[in-house]
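See structure below.
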Amino acid sequence: MSERLQIPSHGQPITGLEPAQTTGGSRFLRACLRRPVDRTPVWFLRQAGRYMPEYQAVRRCHSLLEICKQPKLAAEVTITAAEKIEVDAAIIFADLLLPFEPLGLDFEFAAGEGPVIHKPVRTGEDVARLRTDRTEELAYVAEAISHVVAHFHDRLAVIGFCGAPYTLASYMIEGGGSRNYIHTKTLMYRQPDTWQRLLDKLVTVLREYARQQVDAGAHCIQVFDSWAGSLSVEDYRDFVLPATKTLIRDIQALGVPVIYFGVDTASLLPSMRETGADVLGLDWRTPLDIAWRSLDYACAVQGNLDPITLFAEPDLIRRRVRQILDQAGGRPGHIFNLGHGIVPNTPVENVQHVVRFVREYTPHEVSTGTRHG
Ligand code: CP3
């Protein structure tokens with residue numbers, strides 16, 4: 001294990017991560033662990049996606065699920081995107097909803113509508129029917145990861161991922177995306193035992209799925225709780241935090257750092273921190289320095305450029321990138337990213353500019369803000 005970049009996130013000495021031999025992979029992992037780095041590591045949520053012509057070309061011949069289920073193709077899409085924009089980490093090409101199939105839920109990506117789950121989960125019987133014994137059917141994701149790791153070795157960190165219990169439960173119960181999460185919250189409030197059983201089943205499957213990814217060589221796991229921001233702090237703490245914390249701790253016990261990410265989470269951040277995640281992903285609505293301070297700097301942070309800033313002129317993009325880096329102030333434990341995923345039609349060259357701006361950033365360019373040691 002010491003030969004790999006996969007490192008224990010807690011308590012054990014780190015080998016192969018000395019600054020002298022810095023690679024994108026070690027730079028990223030050192031930042032996850034709040035160790036000093038030569039420069040801030042950078043990658044992007046949805047870096048392999050529809051904004052990229054190479055991805056569109058693959059999509060013309062294959063559906064999203066076909067790409068996910070053909071490990072060589074999924075690996076190629078992952079690698080092409082990471083190399084084109086020259087980031088420090090590659091997130092495996094997969095989708096949040098893949099675990100629904102072994103659980104026994106059919107779904108599809110309807111054109112223009114996002115995911116549709118054909119028979120949403122609404123009752124205790126629906127939850128009882130969910131299967132937790134077929135997670136090995138997801139092995140194609142782990143296989144794709146092993147191809148990506150074989151390609152990059154330790155040059156780039158390879159990030160595996162899964163959904164968080166709340167966000168996945170919301171898709172299962174609503175039957176797709178949602179504005180008000182009425183079915184989800186109704187089940188949560190009125191059938192708390194059923195809710196608990198659903199989350200327990202999800203944790204069982206997700207823990208095993210993450211284990212497959214780490215065994216295949218993923219250096220880090222990101223847990224997407226994209227819609228956690230729909231919850232009040234009280235509901236998050238009562239109904240969501242315990243299962244999420246169990247999942248995150250179980251993944252860390254596999255020996256990799258965990259990034260926990262949600263959108264619209266400013267008021268939830270201190271509670272999300274209680275999961276023990278090594279890194280919290282920040283959306284763009286709260287300035288990074290304020291968000292990090294609200295966490296007492298007790299974990300690393302990832303973010304937080306507004307993805308729509310990528311439609312601006314390079315000068316404005318550069319200014320915003322610098323502001324975020326100034327807010328991080330050189331404190332160990334910042335990973336540069338967007339506050340949410342790259343959207344379709346984003347100019348690829350602006351994504352590449354961001355990587356260049358992060359690389360070029362040096363402290364004497366700081367015009368405002370305070371720097372910490
Ligand atoms: O580089 C990468 O990040 C790509 C890998 C990736 C995909 N989905 C591929 C994908 C990742 C990390 C995801 C995660 C995912 N999937 C999330 C969490 C991230 C987030 O945005 O908060 C969620 C909520 C999903 C579920 C999902 N998948 C939705 C809501 C949609 C439709 C979105 C849309 O704009 O149509 C998808 C489809 C999807 N998954 C696409 C991609 C590249 C775009 C559709 C396509 O190529 O046909």
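Bear in mind that the values in this text are calculations on the coordinates, not laboratory data. Note that the structure is a prediction, hence the values are computed from the model and not measured. Neighbour counts are summed over all protein chains in view; Cβ atoms, including those assigned to glycine, are modelled from backbone coordinates with ideal geometry.
Would you please give the FRET efficiency between R249 and I308, computed as 1/(1 + (r/R0)^6) with r the Cβ-Cβ distance and R0 = 25 Å, to the nearest 0.05?
Details: r = 35 Å, r/R0 = 1.39.
Once the sixth-power term is evaluated, E becomes 0.10.
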Sequence of L338, L73, L105 once ranked by neighbouring C-beta atoms within 10 Å, starting from the fewest: L73, L105, L338
Kirkwood hydrodynamic radius of region 22-68, Cα pairs, Å: 13.0
Expected-Rg normalisation [2.2 N^0.38 Å, Cα atoms] applied to region 180-249: 1.23
Cα→Cβ-extended label distance, 7 Å offset, between Q196 and Q352, nm: 5.5
Relative intensity, log₁₀ I(q)/I(0), of region 102-163 from a Debye sum that treats every alpha carbon as a point, q = 0.12 Å⁻¹: -0.50
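So what is Rg over Rh here for region 231-373, counting just Cα atoms and using Kirkwood for Rh?
My calculation of the ratio gives 1.00.
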Which of C220, C162, C61 has the fewest Cβ neighbours within 10 Å, and the rest in rising order: C61, C162, C220
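Where does the charge balance sit around G163 when Lys and Arg score +1, Asp and Glu -1, over other residues with C-beta under 10 Å from its C-beta?
Details: positive: none; negative: D95, D225.
Here the charged neighbours net out to -2.
Two decimals is fine: what's Rg over Rh for region 108-213, C-alpha atoms, Kirkwood radius as Rh? Present the calculation step by step, with values, prior to reporting the outcome.
Details: Rg = 16.2 Å, Rh = 15.5 Å.
When Rh is taken as the Kirkwood radius, the ratio is 1.05.
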Cα centroid separation, region 283-325 to region 108-169 (Å): 28
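Need the full-extension length gain, A57 to D38, defined as separation in residues times 0.36 nm minus the C-alpha distance. One decimal, nm. Working shown, then result.
Numbers: separation 19, 0.36 × 19 = 6.84 nm, distance 3.60 nm.
Going from the current span to full extension adds 3.2 nm.
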Inter-site label distance for R285 and D106 at 7 Å from Cα along Cβ, in nm: 3.7
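Longer than 26 Å from Cα to Cα, which of K185/K245; K69/K201; K72/K245; K119/K185 are they? Say none if no pair is.
Numbers: K185/K245 20 Å; K69/K201 23 Å; K72/K245 33 Å; K119/K185 18 Å.
K72/K245, as the Cα separations exceed 26 Å there.
Exposure proxy check: R293, R207, R356 ranked by fewest other beta carbons within 10 Å? Present the calculation step by step, with values, prior to reporting the outcome.
Details: R293 11, R207 18, R356 15.
Result, fewest neighbours first: R293, R356, R207.
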Proximal charge balance of F44 [Cβ under 12 Å; K/R count +1, D/E count -1]: 0
Neighbourhood net charge (13 Å Cβ-Cβ; Lys/Arg +1, Asp/Glu -1) for D283: -2
Rg(Cα)/(2.2 N^0.38 Å) for the chain, N = residue count: 0.94
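Please report the relative contact order for region 117-194, taking Cα pairs under 8 Å with a sequence separation of at least 6, and give it as a percent rounded to a whole number.
On the way: 39 pairs, mean separation 34.1, N = 78.
Once normalised by length, the contact order is 44 percent.
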